[in-house]
Amino acid sequence: MATSQICIIAVIILYLAFVLVIGVKFSRTNKTTEDYYLGGRKLGPLVTAMSAEASDMSSWLLLGIPGLAYAGGFADPFWTSLGLAVGTYLNWLFVARKLRRYSQINNSPTIPSFFSNRFGDDRNILSLISAIVIIIFFVPYTASGFSACGKLFNSLFGVDYTVAMIIFALVIIAYTALGGFLAASTSDLVQSIIMTIALGTILFYGASQAGGWGAVFDNARSLAGYFDLNNMHVDGSASPYNLLTKISTLAWGLGYFGMPHILLRFMAIEKEEKLTLSRRIATIWVVIAMFSAIIIGFVARAMTANGTIASLDDPETAIIAISALLSSHGVFTACVAGLILAGILAATMSTADSQLLAAASSASDDICKKFIMKKMDSKTSMLVARGAVIIMSIIALFIAKNPDSSVFQIVSFAWAGFGAAFGPLMLCALFWKRTNKYGALAGMISGGVMIFVWKFLVRPLGGVWNIYELLPGFIVSLFFIVIVSLVTPAPDAKVLDDFDKANEK
């Protein structure tokens, strides 16, 4: 094995050992399931901001967005990133503070329990359905992270895809099952720092190898439709990126209002007053990170044009290819390349750990505890919670066994599912007093079902129907929430009183 490869592997092993230490450390602080799922509501503003965004960005920040830019140019990743940046800011501005306050008033440690408690659902039907939605969409989302790890080591070292995927999955499972929310959030903060270093290093090193920034943008302008917000570069020519497509792509931002792993960070911050600082940190980081990822796609395209790196069969391996080149310059640069590749793992792991916790909490707290084992003590609850993490992971591993699956496409579908099923409901729960449990149930189910209908039955028709499924799903869900709430009985006095308390200045 070459010296550069040994250095890369050594750095990655040190990183994995570090996150395992974090898991062991925080395993001793989890006395109750609320500690395990929300960290006792003790997160500081920096950890809240960066863990939320690191868990949000996932591997598609370092693999998906550069891949989109490399393959098709500026339009698709720009409009996607713009929608996400606006959605990030609005979510922190309007949802974070109210959800933090409301979830404490009605004593809700999970998103499903919040919905049931918010609408006075004593039978916990809302909790059950929302837990099922979380499991349905989060398990494949987690699988995309496992897949990214397998792709990384397979392309770099020729390690069998499945073997590599299982090894990294075991590490994620270990520190998440041990340390719970605090371990995931603390490691996410560290991982966001590593991701930032990775983006910056690849950006400037790649540009230098491409011949400078002038060469990067000259190459982009030379490709038909590539450096254009109104066209895409497809098969060597410009393909129109019309207004309907832009609106559809901007709809990515709607997904934030329904993302359980992000919403949980809002619920877990120590004081709601600190959310203002968290919002500023999170928004600035997201904008810089996504813009950098787009430019990396341009850089990689210029590097293939001048022969510095080979043309990429899989556009999502752009950063991996540049890192491999960086590692060839000596021991030091090989270690830096190892840190960059650890950044890809960090992006993957920071999302996978949060998704596993959200899915596990839904399975153990909102399904098992409320419907199967209703009289669990704290020790049993913790065992069930950790067991749920392991079971969800095993299912995700089976889903991720196909190495040809697209990270971006899997994330896109899961994102749409949460955005449609939970997004409109969360907004109505926080801002519309008249919303009731019947409207909530109708909106959640209709939004989730529409994602499947539009994705697999309507969108394949093409033309005006080729709209990202999140947008029609969000609209349908909102429609059903409003109509069904208005034609069914108003919420009872306790529900209305809690709403008023949550909206006090």
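Suppose each label sits 7 Å from its Cα in the direction of the beta carbon; what would the Asp492-Ile284 distance come out to in nanometres?
4.8
Explain nothing, just the number: relative contact order of the chain, from Cα pairs under 8 Å at least 6 residues apart, as a whole percent.
Contact order relative to length: 31 percent.
For the chain, what is the calculated [θ] at 222 nm in deg cm²/dmol (nearest 500), taking -39500 (n - 2.57) for each run of four or more DSSP H residues and dividing by its residue count?
Calculated at 222 nm, the ellipticity per residue is -24000 deg cm²/dmol.
How tilted is helix 493-502 with respect to the longest principal axis of the chain? Cα atoms for both, answer in degrees (0 to 90, nearest 10).
40
Any chance you could give the angle, 0 to 90 degrees and rounded to 10, that helix 407-431 forms with the longest Cα principal axis of the chain?
The angle comes out at about 30 degrees.
Quick check for me: using +1 on Lys/Arg Cβ and -1 on Asp/Glu Cβ, what's the dipole size of the chain about its Cα centre, in debye to the nearest 20?
Roughly 1340 debye for the chain.
Which entry is the computed semi-axes √(5λ) of the Cα gyration tensor in Å for this structure: [x] 42, 29, 20; [y] 37, 27, 19; [z] 85, 23, 20?
For semi-axes √(5λ) of the Cα gyration tensor in Å, the calculated option is [y].
Could you work out how much longer the chain between Phe431 and Val453 gets when fully extended? Use 0.36 nm per residue separation minus the Cα distance between them, nm to one decimal.
5.1 nm
Applying a 10 Å radius around every beta-carbon, put 461-467, 208-214 in order of their mean neighbour count, most first.
Top to bottom by mean Cβ count within 10 Å: 208-214, 461-467.
Would you please classify the overall shape of segment 40-164 from the alpha carbon gyration tensor, given that a ≥ b ≥ c denote the square roots of the eigenvalues, rounded means a/c under 1.5, and beyond that prolate means a/b larger than b/c while oblate covers the rest?
prolate
Between Val86 and Ser239, what is the label-point separation in nm under the 7 Å Cα-to-beta-carbon projection?
2.4
Any chance you could run the full-extension gain for Leu277 through Lys42? It's 0.36 nm times the residue separation minus the Cα-Cα distance, nm to one decimal.
Result: 83.0 nm gained on full extension.
Based only on other Cβ atoms within 10 Å, what is the fewest-to-most ordering of Glu270, Glu504, Glu316?
Glu504, Glu270, Glu316
Nearest 10 degrees is fine. How inclined is helix 96-105 to the longest principal axis of the chain, computing both from alpha carbons?
Rounded to the nearest ten degrees, it is 40.
Which whole-Hz couplings ³J(HN,Hα) result when phi for each residue of segment 478-488 is put into the Karplus expression 6.51 cos²θ - 1.76 cosθ + 1.60, θ = phi - 60°, listed in order with x for Gly and Pro?
4, 4, 5, 4, 5, 5, 5, 4, 6, 9, 10
Return the FRET efficiency for the residue pair Ile197, Ile391: r is the Cβ-Cβ distance, R0 is 25 Å, and the value is rounded to the nearest 0.05.
E(calc), rounded to 0.05, equals 0.15.
May I ask you to sort Phe114, Phe418 by Cβ crowding, counting other Cβ atoms within 10 Å and putting the fewest first?
Phe114, Phe418
Arrange Asp314, Asp121 by Cβ neighbour counts within 10 Å, fewest through most, would you?
By the 10 Å Cβ count, ascending: Asp314, Asp121.
Taking a virtual spin label 7 Å from the Cα of Glu504 along the C-beta vector, which residues in segment 98-126 bring their backbone nitrogen under 12 Å of it?
Those under the cut-off are 105.
Along the Cα→Cβ direction, 7 angstrom out, place labels at Ser208 and Val331. What is the inter-label distance in nm?
For Ser208 paired with Val331, the spin-label model returns 2.0 nm.
Just so you know, all these numbers are worked out from the coordinates, no wet-lab data involved. Predicted, not measured: the structure shown is a model, and the values here were computed from it. Glycine also receives a Cβ, built like all others from the backbone with ideal geometry; neighbour counts cover every protein chain displayed.
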